[in-house]
Amino acid sequence: MFKVFLSPGSKGCQKARDLKTIAVVVDALRASATIVTLLEKGVETIFVVSEVEDAWALKRELPQAMLVGERNNLIIEGFDYSNSPSEIFSASDLKGRLVIFTSTSGARRILACKGATKVFVGTTLNAEALSAVLREESQKHQKDIVIIPAGVYGKEEFSEEDVVASWEIAKRIGFKVIDETGFLTEEVKNRTVEENFYLSKHGKELIELGLEKDVKFCAQVGVSKTIPEVYQFIEKAALVKNRLS
């Protein structure tokens, strides 16, 4: 039987690379939900980049692409949309579009998984559908799964909501789960996802900024069948498409 590791931040990315596992990046508030929603709204390809300057450089090569992203929770000046799944959900001009996306931590973790056997993006929204795909891919490639709570970039601590969302995926796979965060107490597991998100440090920050709608949106469980998968890494970008499209 294969195992599922909940391994946060840069250590999780390194584990996925070193062991060539199936990797899942979970940035629950909000990058994973934004990526899922972009693809669900019909975006063809998302170019995920680490840095704002990389986004602008790619925009010069792909002038038709939209810019989506944030720094310090706020939209980047000159971008079309923020890293806001509720905003994206309300948009009407996305079908068939190309998107260049960057965020504070989630985007960087996706790129840091280059070298893993497969790289997916997950959160509570697609936990049900994604868990089935992960089980299938693990058995097909004979590899363990590393779910990576993205955490705060540049720091080794995890974000509580990322661990909660990772658990929502992991517990549905049916393999033994090894929690390397130490956060998943029975108290945490017995709360609803929404309760955990609202209690998290990042959740509180977003609510203070007037972004409670995003926190509530991101806390939905199993509402999407969209499976974001990295199908190619190029020089400074990971190209993400919906696996089921």
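The values are calculated or read from the model by the stated rules, or taken from the named source; none is laboratory data. A quick note: this is a predicted structure, and the numbers were derived from the prediction, not measured. We place every Cβ from the backbone using ideal geometry, glycine too, and count neighbours over all the protein chains shown. Areas reflect the complete protein model, heavy atoms only, side chains present, ligands, DNA and RNA absent. Shrake-Rupley method; radii C 1.70, N 1.55, O 1.52, S 1.80 Å.
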request  = Find the residue count for the stretch 1-53, including only residues that are acidic (Asp, Glu) and open to solvent by less than 30 Å² (accessible area, probe 1.4 Å).
outcome  = 1
ask   = Are any of the residues in the stretch 204-212 in contact with a His (Cβ under 9 Å, 6 or more places away or on another chain), part of a loop (DSSP other than H, G, I, E, B) and either aliphatic (A, V, I, L, M) or at pLDDT below 95 (or both)?
value = no
remark   = Counting only residues in the stretch 183-194 that are in contact with a helix residue (DSSP H, G or I) (Cβ under 9 Å, 6 or more places away or on another chain) and not in a helix (DSSP H, G or I), the one surrounded by the most Cβ atoms within 10 Å (Cβ to Cβ) is identified as 183
query = Inside the stretch 54-84, can you point out the residues that are touching a helix residue (DSSP H, G or I) at 6+ places or on another chain (Cβ under 9 Å), at positive phi and open to solvent by 20 Å² or more (accessible area, probe 1.4 Å)?
reply = 73, 78
Among (1) in contact with a helix residue (DSSP H, G or I) (Cβ under 8 Å, 6 or more places away or on another chain); (2) over 24 Å from residue 152 (Cβ atoms) - the single one residue 230 does not satisfy = (2)
ask   = Counting just the residues of the stretch 123-156 that are within 16 Å of the chain's Cα centre (by Cα) and in a helix (DSSP H, G or I), which one comes out nearest to residue 168 (Cα to Cα)?
value = 127
ask   = Name the pairs: first residue in the stretch 220-240 and at negative phi and open to solvent by 40 Å² or more (accessible area, probe 1.4 Å), second residue among the small types (Gly, Ala, Ser) and part of a strand (DSSP E or B), Cβ to Cβ under 8 Å, at least 6 apart or on different chains?
value = 232/238
inquiry  = Taking the criterion of being open to solvent by 50 Å² or more (accessible area, probe 1.4 Å), closer than 29 Å to residue 3 by Cα, free of Cβ contacts under 8 Å to residues at least 40 places away in the same chain and out of contact with any Pro (no Cβ under 8 Å at 6 or more places or on another chain), would at least one residue in the stretch 89-100 satisfy it?
reply    = no
request  = Output yes when any residue across the stretch 109-122 is part of a helix (DSSP H, G or I) and either open to solvent by 20 Å² or more (accessible area, probe 1.4 Å) or without any contact (Cβ under 8 Å) to a residue 24 or more places away in the chain (or both), and no when none is.
outcome  = yes
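Per-residue answers, yes or no, for (1) closer than 30 Å to residue 100 by Cβ; (2) modelled with pLDDT under 95; (3) open to solvent by less than 20 Å² (accessible area, probe 1.4 Å):
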{"site": "156", "(1), (2), (3)": "yes, yes, no"}
{"site": "165", "(1), (2), (3)": "yes, no, yes"}
{"site": "171", "(1), (2), (3)": "no, no, no"}
{"site": "196", "(1), (2), (3)": "no, no, yes"}
